[in-house]
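Some notes on the structure that comes next.
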Amino acid sequence: MLNKNFYLILIISLVFAISFWIGFNVNLLPAEASINAPIYDELFKILFIIGLIIFIGMTIAVIYSLFKFRKRNDQIGDGIALEGNLSLEIVWTIIPSIIVLLIGLYSYNIYDRMGGMKELNHNHEMMSSNTEKIWAGISQTSDNEIAINNLSIEVSAMQFAFLFNYPKGNFISGELHVPVDQKVSMKMESKDVIHAFWVPEFRIKQDIIPGQPTILNFTPTKVGKYPIICAELCGPYHGGMRASIIVEEESDYNEWFNKNKKPEVNL
Amino acid sequence: MTISIDPQKTNNESLQPKGWLRFFSFSLDHKVIGIQYLVCGFLFYLIGGSLASAIRIELASPMSDFMPRDVYNQVLTLHGTIMIFLWIVPVVNGAFGNYLIPFYVGARDMAFPRLNAVAFWLIPPSGLMLVASYFVEGAAQAGWTAYPPLSITTPQSGQIIWILSVLLLGGSSIFGGINFIATIIKLRRPGLKLMQLPMYCWAMLGTSLLVVLSTPVLAGTLILLSFDIIANTGFFNPVLGGNVVVYQHLFWFYSHPAVYIMVLPAFGLVSEILPVHARKPLFGYTTMVFSIMGIVVLGLVVWAHHMFTSGTPPWMRLFFTIATAFIAVPTGIKFFNWVATLWGGKISINSAMLFSCGFIINFVFGGITGVALAQVPFDIHVHDTYFVVAHFHYIVYGGTVFIIFSSIYHWFPKVTGKMLNEKLGILHFIITFIGFNLCFAPQHWLGLNGMPRRVAEYDPQFQFVNQISSLGALLMAISTIPFLINVFLSVRNGKDSGDNPWNALTPEWLTSSPPPVENWEGEAPLVEEPYGYGKKILNENKNI
């Protein structure tokens with residue numbers, strides 16, 4: 001004879017097994033094309049598995065109760081007069097607290113690895129960014145590791161387009177070209193309303209705000225063409241406000257850069 | 001604590017119209033006002049639902065081809081505003097609160113009956129004004145969040161009418177909140193202790209505290225925004241040195257608690273419904289009370305999680321991650337308690353029970369995506385995408401609206417003395433549950449893969465999944481048909497329910513159905529154990 005506990009343990013292990021299987025085998029995310037993406041996907045996988053365990057567990061509990069404890073036709077009267085169970089209630093307060101705290105600490109770690117906790121700084125030779133207040137963003141470069149070969153780009157957003165200014169080449173492009181495996185540092189500002197810069201394959205997003213520059217640093221890892229999407233409602237053509245980011249080999253990038261480069265004009 | 005409004009009440013009674021006309025009068029009867037809130041809210045739900053259908057028709061194809069782009073933005077703004085301020089908030093607070101709270105505390109009416117009527121009668125004109133603003137110069141088109149500078153630069157008249165309308169609705173909400181707090185604290189029948197109140201009273205006490213603390217902030221913010229629009233001031237206008245991020249802080253200081261204003265009353269309602277149909281006491285009454293108050297306190301300090309990709313410094317992002325994620329703890333306690341309430345019961349599987357269980361399943365799903373969204377690094381990718389749209393519809397539709405329907409099935413016999421048809425009710429549940437999940441579950445995938453929210457056009461690779469979602473929306477629209485047929489048929493020809501068809505123990509059932517104007521013929525009963533199911537003495541009295 002198998003007792004009740006055996007079935008309980010069996011069901012719990014099945015829920016865990018199914019959740020882990022789905023978590024590791026079902027991919028809901030787009031391609032990974034930046035340093036941030038695999039870090040993000042690691043967090044996603046953990047949250048997905050924990051979420052599945054809780055969701056499947058609760059759903060089974062509700063459906064099982066409805067089936068098992070349904071009122072039969074010949075039954076009268078009430079169920080058991082159970083008003084609470086202190087130890088059970090303590091357990092399901094403490095366990096979720098621990099899970100939530102661990103998730104919070106883990107996501108802090110993820111955020112730190114993405115560069116979120118680093119001091120915001122824009123590596124730009126031609127202006128002194130120290131005096132300027134940067135409000136927000138994601139920075140992968142800290143003060144002392146600002147590399148000389150960092151690519152600095154200034155982004156301006158307006159209804160309904162992005163413009164990318166390459167200060168080193170003194171030109172403006174409507175398409176964002178970046179070399180693969182190199183840090184890119186963007187300073188973004190809006191000319192009218194709030195916009196947002198989002199590249200799903202990079203797992204990064206930052207609002208572009210009028211009157212307050214924001215920073216976004218990233219390192220692309222895969223050659224290809226990806227969409228840049230405006231994610232903040234900015235007017236009637238918001239859905240059409242898109243651009244492309246083209247990640248290319250360094251030689252291709254240099255060719256493109258030199259073709260567009262304009263001589264410095266000294267006034 | 002005496003009930004001092006008796007003489008006043010009888011005096012008014014002679015002046016009030018009788019029959020159906022009383023629902024169109026400035027009635028002071030809390031039961032009439034409750035029904036006024038419910039029916040008015042439901043009419044706006046039909047309008048908001050039609051707007052949602054228009055959105056889903058537009059999104060069935062990747063091009064912007066069903067309506068002009070600026071009209072699309074007006075539609076999505078009105079859809080959000082109507083569903084929040086004219087359907088969910090007035091119904092879960094105003095409708096059920098007004099109908100039930102006086103019964104639960106053993107009073108014959110609310111503490112301030114005239115304020116109560118004023119609070120209701122602010123709603124129809126401001127709602128109609130909001131809808132009619134479309135015909136002036138186009139309705140507001142900056143989304144229900146009305147972020148400046150977009151809200152400053154879009155056509156002014158629509159935005160100003162929107163602000164005026166939301167201010168009036170906020171005022172109505174504050175009047176209601178004050179009234180509920182006063183009624184629950186001061187009008188309790190002698191001998192009734194706070195810890196003996198049905199759970200919905202606690203939920204409404206918590207909700208009303210949130211309303212009274214946070215709604216004035218929204219009002220102030222919107223007044224400043226209207227100055228920016230009409231008088232060219234520069235509070236939020238960056239051209240004049242204003243700060244757009246400050247608006248977002250002020251706005252979300254109200255609008256995040258607004259989520260709890262929409263779900264806490266639903267938590268209260270489901271706590272009334274489950275014990276009755278499961279024939280078991282509510283599990284963990286005390287922890288339920290503390291978790292409601294925990295949600296109230298935490299709910300006030302999590303607002304910036306709506307701004308993780310906006311202008312927030314890193315330390316702030318971290319604080320709001322932890323605070324937000326911790327809301328899952330008191331919320332989780334409530335869900336475990338409800339499942340434990342079902343456990344070992346004698347459950348009648350009827351429409352009210354099915355909608356409540358649908359609520360538990362949908363809300364757990366929405367809660368899980370909510371904890372994920374609270375994590376800054378997770379949110380940075382999916383913020384302002386269809387993932388968020390899916391998440392909050394799981395909370396407010398899969399959660400609160402399911403409970404509104406569950407409550408209608410549960411309290412319909414109380415209000416009318418007739419039963420709703422169970423077959424139509426179960427059909428309504430099945431279509432709603434399938435339609436809802438078909439509509440919103442695929443939207444999580446859309447958001448993760450690159451579809452932002454509030455767009456009229458999108459990448460053609462998302463067309464198929466959007467069409468599945470639109471099919472779900474069609475089912476949701478169809479699901480209102482059996483419901484409406486059911487209500488109209490049952491009001492006229494429904495089976496007589498008797499006074500207490502569910503054999504419930506909460507005080508509203510211990511009088512006739514429908515109840516007399518004074519709520520009880522004699523003195524209000526003292527209900528010390530509103531969830532005393534399964535206890536010997538009570539069983540004998542009920543003669544089942």
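One table, with the values for the structure above:
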{"item": "Count - residues of the range B:326-346 that are at pLDDT below 90 and assigned to a helix (DSSP H, G or I)", "result": "0"}
{"item": "Residue in the range B:474-497 that is without any contact (Cβ under 8 Å) to a residue 40 or more places away in the chain, on the phi < 0 side of the Ramachandran plot and among the charged types (D, E, K, R) present", "result": "yes"}
{"item": "Leading residue by the ranking (farthest from the other protein chains (Cβ to nearest Cβ)) among those in the range B:422-447 that are more than 25 Å from the chain's Cα centre (by Cα) and surrounded by fewer than 21 Cβ atoms within 10 Å (Cβ to Cβ)", "result": "B:Lys423"}
{"item": "Residue within the range A:35-54 that is within 10 Å of chain B (Cβ to nearest Cβ), free of Cβ contacts under 8 Å to residues at least 12 places away in the same chain, buried (at least 17 other Cβ atoms within 10 Å of the Cβ) and within 23 Å of the chain's Cα centre (by Cα) present", "result": "yes"}
{"item": "The range A:18-33, subset more than 11 Å from chain B (Cβ to nearest Cβ) and within 17 Å of the chain's Cα centre (by Cα), residue surrounded by the fewest Cβ atoms within 10 Å (Cβ to Cβ)", "result": "A:Glu32"}
{"item": "Filter result for A:Tyr226 (surrounded by fewer than 24 Cβ atoms within 10 Å (Cβ to Cβ) and either among the β-branched types (Val, Ile, Thr) or in a strand (DSSP E or B) (or both))", "result": "yes"}
{"item": "Condition broken by A:Ile229, with the remaining ones in (1) touching a strand residue (DSSP E or B) at 6+ places or on another chain (Cβ under 6 Å); (2) under 23 Å from A:Phe44 (Cβ atoms); (3) more than 11 Å from chain B (Cβ to nearest Cβ) satisfied", "result": "(3)"}
{"item": "Selection within the range B:383-417 - under 9 Å from B:Gly366 (Cα atoms) and without any contact (Cβ under 8 Å) to a residue 60 or more places away in the chain", "result": "B:Ala390, B:His391, B:His393, B:Tyr394, B:Gly398"}
{"item": "Residue within the range A:190-207 that is part of a loop (DSSP other than H, G, I, E, B), modelled with pLDDT of 90 or more, among the acidic types (Asp, Glu) and crowded, with 17+ Cβ neighbours inside 10 Å present", "result": "yes"}
{"item": "Any chance B:Thr321 is assigned to a helix (DSSP H, G or I), surrounded by 22 or more Cβ atoms within 10 Å (Cβ to Cβ) and within 13 Å of chain A (Cβ to nearest Cβ)", "result": "yes"}
{"item": "Test: residue in the range B:172-192 that is over 23 Å from B:Tyr45 (Cα atoms), in contact (Cβ under 8 Å) with a residue 12 or more places away in the chain, assigned to a loop (DSSP other than H, G, I, E, B) and aliphatic (A, V, I, L, M)", "result": "yes"}
{"item": "Residue under evaluation B:Thr145, criteria (1) buried (at least 21 other Cβ atoms within 10 Å of the Cβ); (2) among the polar types (S, T, N, Q); (3) not in a helix (DSSP H, G or I), criterion not met", "result": "(1)"}
{"item": "Some residue of the range A:169-185 being free of Cβ contacts under 8 Å to residues at least 40 places away in the same chain and away from every other protein chain (no Cβ under 14 Å)", "result": "yes"}
{"item": "Matching entry among B:Ile349, B:Ile361 (being on the phi < 0 side of the Ramachandran plot, part of a helix (DSSP H, G or I) and surrounded by fewer than 24 Cβ atoms within 10 Å (Cβ to Cβ))", "result": "B:Ile361"}
{"item": "Total residues in the range A:59-97, condition facing another protein chain (nearest Cβ under 7 Å) and of a type in the set (S, T, N, Q)", "result": "5"}
{"item": "Flag for B:Ser214 being among the small types (Gly, Ala, Ser) and within 20 Å of the chain's Cα centre (by Cα)", "result": "yes"}
{"item": "Answer residue from the range B:370-390, given it is surrounded by fewer than 23 Cβ atoms within 10 Å (Cβ to Cβ) and within 21 Å of the chain's Cα centre (by Cα) and is farthest from B:Thr432 (Cα to Cα) among those", "result": "B:Gly370"}
{"item": "Sole exception among (1) over 18 Å from the mean Cα position of the chain (by Cα); (2) surrounded by fewer than 17 Cβ atoms within 10 Å (Cβ to Cβ) for B:Gln74, by number", "result": "(2)"}
{"item": "So B:Gly206, is it of a type outside the set (D, E, K, R), in a helix (DSSP H, G or I), over 17 Å from B:Ala146 (Cα atoms) and out of contact with any His (no Cβ under 7 Å at 6 or more places or on another chain)", "result": "yes"}
{"item": "Any hit, the range B:59-67, residues being crowded, with 22+ Cβ neighbours inside 10 Å and part of a loop (DSSP other than H, G, I, E, B)", "result": "yes"}
{"item": "Qualifying positions in the range B:261-311 - within 14 Å of chain A (Cβ to nearest Cβ) and outside any helix (DSSP H, G or I)", "result": "B:Arg279, B:Lys280, B:Pro281, B:Leu282, B:Phe283, B:Gly284, B:Val302, B:Phe308, B:Thr309, B:Ser310, B:Gly311"}
{"item": "Test for B:Ala119: is it away from chain A (no Cβ under 14 Å), assigned to a loop (DSSP other than H, G, I, E, B) and out of contact with any strand residue (DSSP E or B) (no Cβ under 8 Å at 6 or more places or on another chain)", "result": "no"}
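For (1) closer than 21 Å to B:Ser406 by Cβ; (2) exposed (fewer than 14 other Cβ atoms within 10 Å of the Cβ), each residue gets a yes or a no:
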{"position": "B:Arg454", "(1), (2)": "no, no"}
{"position": "B:Ile478", "(1), (2)": "yes, yes"}
{"position": "B:Val487", "(1), (2)": "yes, no"}
{"position": "B:Arg492", "(1), (2)": "no, yes"}
{"position": "B:Trp502", "(1), (2)": "yes, no"}
{"position": "B:Asn519", "(1), (2)": "no, no"}
{"position": "B:Leu526", "(1), (2)": "no, yes"}
{"position": "B:Tyr531", "(1), (2)": "yes, no"}
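Listed here are the residues, each with its yes/no results for (1) more than 22 Å from B:Phe308 (Cβ to Cβ); (2) more than 9 Å from chain A (Cβ to nearest Cβ); (3) touching a residue at least 40 places away in the same chain (Cβ under 8 Å).
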{"position": "B:Ala340", "(1), (2), (3)": "yes, no, yes"}
{"position": "B:Gly344", "(1), (2), (3)": "yes, no, yes"}
{"position": "B:Ile347", "(1), (2), (3)": "yes, no, yes"}
{"position": "B:Ser356", "(1), (2), (3)": "yes, yes, yes"}
{"position": "B:Ile361", "(1), (2), (3)": "yes, no, no"}
{"position": "B:Val364", "(1), (2), (3)": "yes, no, no"}
{"position": "B:Val371", "(1), (2), (3)": "no, no, yes"}
{"position": "B:Ala374", "(1), (2), (3)": "no, no, yes"}
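Residues checked against (1) of a type in the set (A, V, I, L, M, F, W, C); (2) in contact with a helix residue (DSSP H, G or I) (Cβ under 9 Å, 6 or more places away or on another chain):
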| position | (1), (2) |
| --- | --- |
| B:Met307 | yes, yes |
| B:Trp315 | yes, no |
| B:Thr324 | no, yes |
| B:Ile327 | yes, yes |
| B:Gly332 | no, yes |
| B:Val339 | yes, yes |
| B:Trp343 | yes, yes |
| B:Ile347 | yes, yes |
| B:Asn350 | no, yes |
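The values are calculated or read from the model by the stated rules, or taken from the named source; none is laboratory data. All values derive from a computational prediction rather than experimental measurement. Cβ sites come from the backbone with ideal geometry, for glycine too, and all protein chains shown count toward neighbours.
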